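Visitor: Okay, handing you the structure first.
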Amino acid sequence: MPEKFVAYYRVSTKRQGLSGLGLDAQREAVRRFVADGQLVAEYEEIESGKRADRPALEGALRECRLSGATLLIAKLDRLSRSVAFLSRLMEDGTEFRAVDMPQANRFMIHIMAAMAEQEREMIAQRTRAALSAARERGVKLGGRRGTHRIELYGEEGRKRSANIRSTQASRRAQEIAQVIADLNAAGVTTQSGIAKALNERAIAAPRGGAWSAGQVRRIALRTTAL
């Protein structure tokens, strides 16, 4: 099965956008890279790379989540120069690739995160050294303070993890509901017809595999309850 991609093109100025030169060059680079792969959708916008609130990019990310595609850009700086923003992509679970630097995917972000982790460890080592020096001076350290109970943090972590999974499931349901609304507006109104259209768009069902009319009905019920 060919690898699926969603292309995102961006230029920084209206002049670049009107000329089409910047966008045309990006399209050509992306299409050469895709080759025998499948280009699911293409998004473009004129916006500064410093801004994170970009509608076309959000649409491309949503398409990636729904279809399981990889976000593809012509140049890494077309996405963003912000490491914090790239980290957000990693947390979102979206795979991405740059034509001019194919290795700059989520794995590279993991490396960046590992470097940040190393810095935190160095800070921790300095902290431990400072505490050791304080003990040598006779400063009393440790012990339970007030109502602090370390055992409560495990339960808090489990609840937070469950909340994250629930939020992700609700977001996906809402995104699929939007696709269904678009299909309704286009005249596809039956649950079986919607299921067929979702399958044709290569949007995975909640538990993988193909969509059925029953699954479409459950998505409608879930989003109605939100």
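The values are calculated or read from the model by the stated rules, or taken from the named source; none is laboratory data. The structure presented is a predicted model; accordingly, all values stated were derived computationally and were not measured. Here the Cβ is made from the backbone with ideal geometry for all residues, glycine too, and neighbour counts use every protein chain on show.
Visitor: In this structure, does Gly20 turn out to be at positive phi, touching a strand residue (DSSP E or B) at 6+ places or on another chain (Cβ under 7 Å) and modelled with pLDDT under 90?
Guide: Judged against the criteria, Gly20 is not a match.
Visitor: Report yes if Arg172 is assigned to a helix (DSSP H, G or I), in contact (Cβ under 8 Å) with a residue 24 or more places away in the chain, more than 22 Å from the chain's Cα centre (by Cα) and not assigned by TED's automatic domain parsing to the domain that holds Ala69, otherwise no.
Guide: no
Visitor: Can you pull out the residues in the range 42-73 that are at pLDDT 85 or above and part of a loop (DSSP other than H, G, I, E, B)?
Guide: The answer is Gly68, Ala69.
Visitor: Moving on to the next point. Of the numbered conditions (1) touching a Leu at 6+ places or on another chain (Cβ under 9 Å); (2) among the basic types (Lys, Arg); (3) at pLDDT below 65, Arg78 fails exactly one; give the number of that condition.
Guide: The single condition Arg78 does not satisfy is (1).
Visitor: Return the pairs, sorted by first residue and then second, in which the second residue is in a loop (DSSP other than H, G, I, E, B) and modelled with pLDDT of 85 or more, the first residue lies in the range 31-51 and is under 16 Å from Phe96 (Cβ atoms), the beta carbons are less than 6 Å apart, and the residues are 6+ apart or on different chains.
Guide: Taking only residues 6 or more apart or on different chains, the pairs are Phe33/Val99; Gly37/Glu3; Val40/Ala69.
Visitor: Answer with yes or no whether Ile150 is at pLDDT 75 or above and outside any helix (DSSP H, G or I). Break it down into steps so the answer makes sense when it comes.
Guide: Details: at pLDDT 75 or above: no; outside any helix (DSSP H, G or I): yes.
Spelling it out, it is not the case that Ile150 is at pLDDT 75 or above and outside any helix (DSSP H, G or I).
Visitor: Same structure again: Is one or more of the residues making up the range 207-225 surrounded by fewer than 11 Cβ atoms within 10 Å (Cβ to Cβ), polar (S, T, N, Q), out of contact with any Lys or Arg (no Cβ under 9 Å at 6 or more places or on another chain) and modelled with pLDDT under 75?
Guide: There is at least one residue in the range 207-225 that is surrounded by fewer than 11 Cβ atoms within 10 Å (Cβ to Cβ), polar (S, T, N, Q), out of contact with any Lys or Arg (no Cβ under 9 Å at 6 or more places or on another chain) and modelled with pLDDT under 75.
Visitor: Also, quick follow-up: Give just the number: which of (1) surrounded by 16 or more Cβ atoms within 10 Å (Cβ to Cβ); (2) modelled with pLDDT under 75; (3) under 19 Å from Val99 (Cα atoms); (4) of a type outside the set (Val, Ile, Thr) does Ser12 not satisfy?
Guide: (1)
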